[in-house]
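The values are calculated or read from the model by the stated rules, or taken from the named source; none is laboratory data. Computed from a prediction, not measured in an experiment: that's the story for all the values here. Ideal geometry is used to build each Cβ from the backbone, glycine not excepted, and the neighbour counts take in all protein chains shown. Note: areas computed on protein heavy atoms with side chains; ligands, DNA, RNA excluded. Shrake-Rupley method; radii C 1.70, N 1.55, O 1.52, S 1.80 Å.
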Amino acid sequence: LTYSRASPGMHIIHIAAEMAPVAKVGGLGDVISGLGKALQRKGHLVEIVLPKYDCMQYDLITDMKALDVVVESYFDGQLFRNKIWVGIIEGLPVYFIEPHHPAKFFWRGKYYGEYDDFKRFSFFSRAAVELLYQAGKKPDIIHCHDWQTAFVAPLYWDIYAAKGFNSARICFTCHNFEYQGTAPASELASCGLDVDQLNRPDRMQDHSAHDKVNTVKGAIVFSNIVTTVSPTYSQEVRTVEGGRGLHETLKSHSKKFIGILNGIDTDAWNPSTDNYISVQYSADDLQGKAENKDAIRKCLKLSRSEGSQPLVGCITRLVPQKGVHLIRHAIYCALELGGQFVLLGSSPVPHIQREFEDIANHFQSHSHVRLLLKYDDALSHLIYAASDMFIIPSMFEPCGLTQMIAMRYGSVPIVRKTGGLNDSVFDVDDNTIPEQYQNGFTFVAPDEQGLSSAMERAFQHYIRSPESWQQLVQKDMRLDFSWDSSASQYEELYERSVARARAAARV
Ligand code: ADP
């Protein structure tokens, strides 16, 4: 199979269900390409294995071709043929697995949310490890992500290591502990795992029932390195409320568990080169930001009479995790404080979507509020560029990317102090924080009062001290949220784990 190792660095293979910009549902997709590119820049050989979905953006894959090999993988007592494709996404070599299984696992017009998701992704995990084994790869690290590819960890150690495919250490990253991939224990057998061995409290048995297995738990137990996407979230999930049933497992594996803050793709999110926005701008020349604000007000038919009236932005999935009741409150709060508000969001939850449609209708021709209930990447760039403040009142937030993107575009974040928000936004009024780190407004209590007081402080600062506000905007725009430092932390973890394995092998 096509790529061979030429670099002196490590050989790292990510097995994942998403990769931006070709197959992206959320932050996971961004991490695969962002972290992958950063590790490649550091001199490592990075390869990715993805399902070959019918609904991917094929126009963003270069040199896509089918390989002249067929990989047979086990499922439900039989061997199934998989056609293997290769292509390049953002400079990274990617293998795509196309199963020849009658259920057409990745031919459903969508990524997730099918009745047989557990089956689809356990099939994919098995086929992906089989591909690496049959290709004779000798990776140093196999990195799997979220429950969809969590099967890789027990498959590797229980089945493949015994066959001599054992060069790698396994790293598992959980991007959100809300989603754990549970199913009746018997379903685990389909991909060849031993249900009796694994359906035990110290292995894969789910905390809620003796006859259910939990794939995220399995990956925590069987991986050499376990990470999540921010240091604060890594602490929160060790608690009863935050761990969603996995806090004990995380505590007993705490030595290998760490939180590393995600970065953002600073090429894709760059106000000085962004082609979506009306006028490009930088921290040294903020005139363009004001022009973007005027342009979006014009486009959305908001009042333009007062240039200095603060514009508050919010771009989010409308799900309970994001604090939808507080987002609703923020609209009215911004109005009361004399500001304008633009929301871009959509909801997979029908009653939340309906509720926000009612609010959107209410403000349909209002001069200061507009709600846009859809997913629209291009429009998101315009809102980041146009807004003065950006609201993120999440109930929990594993990492969060929008606060970092907002700062890069000079929109000052107002966030609840939780998860990755707590690791990236530091209050300008908190004297315990060194001034150079102060970059936004935070609140703790997940209620309307908490949010209102943070918004009031932000508005006062904006209105009473325009010069100091401008300095804050410039400071935020110059902060470094690139993948470089996060990728260095992953690199160090990988290297330490590989070195430990080699030392143990020498004894
Ligand atoms: P999550 O992964 O929980 O949805 P993150 O903050 O990690 O939240 O990532 C959200 C990403 O999705 C950001 O890049 C944000 O700009 C984008 N996004 C969210 N909602 C929308 C939307 N309605 N339209 C366009 N982009 C959106």
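A few points about this structure:
- Residue pairs exceeding 21 angstrom between C-alpha atoms, taken from 301/374; 301/475; 322/374; 65/119: 301/475; 65/119.
- Peptides 336-347, 394-405, 159-170, ordered by how many other C-beta atoms sit within 10 Å of their residues on average, highest first, read 394-405, 336-347, 159-170.
- Local electrostatic count at residue 86 - Lys and Arg +1, Asp and Glu -1, tallied over other residues with Cβ under 12 Å: -1
- Inter-site label distance for residue 266 and residue 471 at 7 Å from Cα along Cβ, in nm: 2.3
- Full extension of the chain between residue 506 and residue 178 gives 114.0 nm of extra length, using 0.36 nm per residue less the Cα-Cα distance.
- The simple Förster model, with R0 at 56 Å and r as the Cβ-Cβ distance, assigns residue 163 and residue 395 a FRET efficiency of 0.80.
- Proximal lysines to residue 163, defined as alpha-carbon separation beneath 18 angstrom and excluding residues fewer than eight positions away on the same chain: 137, 138
- Residue-normalised accessible area of the range 287-481, given per residue in Å² at a 1.4 Å probe: 41
- The fraction of accessible area contributed by carbon and sulfur in the chain is 50 percent, rounded to a whole number (1.4 Å probe; ligands and nucleic acids excluded).
- The chain, dipole about Cα centre (Lys/Arg Cβ +1, Asp/Glu Cβ -1), debye to the nearest 20: 960
- Overall, the range 278-327 carries a charge dipole of about 340 debye about its Cα centre when +1 sits on the Cβ of Lys and Arg and -1 on the Cβ of Asp and Glu, all other atoms neutral.
- Relative to the current alpha-carbon distance between residue 489 and residue 373, full extension at 0.36 nm per residue lengthens the span by 38.0 nm.
- Other residues whose C-beta falls under 12 angstrom from the C-beta of residue 239 contribute a net charge of 0, scoring Lys and Arg +1 and Asp and Glu -1.
- DSSP bridge analysis restricted to the chain gives an antiparallel fraction near 35%, rounded to the nearest 5.
- Each Lys and Arg contributes +1 and each Asp and Glu -1, all at the Cβ; summed about the Cα centre of the range 287-481, the dipole is approximately 520 debye.
- For residue 293, a cut-off of 16 angstrom between C-alpha atoms picks up these aspartates and glutamates, skipping any fewer than 8 places away in its own chain: 274, 285, 306, 388.
- Efficiency of FRET between residue 479 and residue 135 - r from beta-carbon atoms, R0 45 angstrom, step 0.05: 0.65
- Helix-only [θ]222 nm of the chain, DSSP H runs n ≥ 4, -39500 (n - 2.57) each, per residue, nearest 500: -10500 deg cm²/dmol
- Other residues within the sphere of radius under 15 Å centred on the Cβ of residue 307, judged by their own Cβ, net out at +1 (K and R +1, D and E -1).
- For peptides 201-207, 301-307, 427-433, sequence by mean Cβ density within 10 Å, most packed first: 201-207, 427-433, 301-307
- Potential lengthening between residue 116 and residue 189 on full extension [0.36 nm per residue; Cα-Cα distance subtracted]: 24.8 nm
- Straight-line reach from residue 255: taking Cα to Cα under 21 Å and skipping same-chain neighbours fewer than 8 places apart, the lysines in range are 217.
- All-pairs alpha carbon distance profile, the chain, 20 Å steps from 0, percent: 22, 53, 24, 1
- FRET efficiency, 1/(1 + (r/R0)^6) with R0 41 Å, evaluated for residue 209 and residue 81 via beta carbons: 0.70
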